[in-house]
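One structure is given below, encoded as structure tokens.
The values are calculated or read from the model by the stated rules, or taken from the named source; none is laboratory data. Given the structure is predicted, the values throughout are model-derived calculations rather than measurements. Heads up, the Cβs are rebuilt from the backbone with ideal geometry, glycines too, and the neighbour counts pull from every protein chain shown. The accessibility values were calculated without ligands, DNA or RNA, using every heavy atom of the protein model including side chains. Shrake-Rupley method; radii C 1.70, N 1.55, O 1.52, S 1.80 Å.
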Amino acid sequence: MPVVVDIDVMMARRKMSVGELADRIGITPTNLAVLKNGRAKAVRFTTLDALCVVLECQPGDLLRWEPDVPAGRAD
């Protein structure tokens, strides 16, 4: 998947656990883990806003795009 989720990077920088972050943004630790591990199909802007407020970051610090490299292609 070309969209990479870096929530765990920001959590490590802030020395914050999944449980603490989930409590502070108002979602379950399970749902945060789904989002953090890149398995979510979508993210609400209210959740993204809460993540940015609590982690004191920009959306681009949490999400980045990396293009897929086609099989057999070496650049």
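Search the stretch 26-67 for residues being open to solvent by 30 Å² or more (accessible area, probe 1.4 Å) and in contact (Cβ under 8 Å) with a residue 40 or more places away in the chain, and hand back the single one that is nearest to VAL9 (Cα to Cα).
Per the criteria, the residue is ASP61.
From the list ASP23, ASP8, which one is over 14 Å from LEU62 (Cα atoms), part of a helix (DSSP H, G or I), of a type in the set (D, E, K, R) and open to solvent by 30 Å² or more (accessible area, probe 1.4 Å)?
None of the others qualify; the one that does is ASP23.
What are the pairs with Cβ atoms under 7 angstrom where one residue, in the stretch 1-17, is under 11 Å from LEU55 (Cα atoms) and without any contact (Cβ under 8 Å) to a residue 60 or more places away in the chain and the other, located anywhere, is open to solvent by less than 60 Å² (accessible area, probe 1.4 Å) and assigned to a loop (DSSP other than H, G, I, E, B)? Sequence gap at least six, or different chains.
Going by the 7 Å Cβ cut-off, the qualifying pairs are MET10/CYS57.
How many of the residues making up the stretch 11-20 are part of a helix (DSSP H, G or I), open to solvent by 30 Å² or more (accessible area, probe 1.4 Å) and not small (Gly, Ala, Ser)?
Going through the stretch 11-20 one residue at a time, the tally reaches 3.
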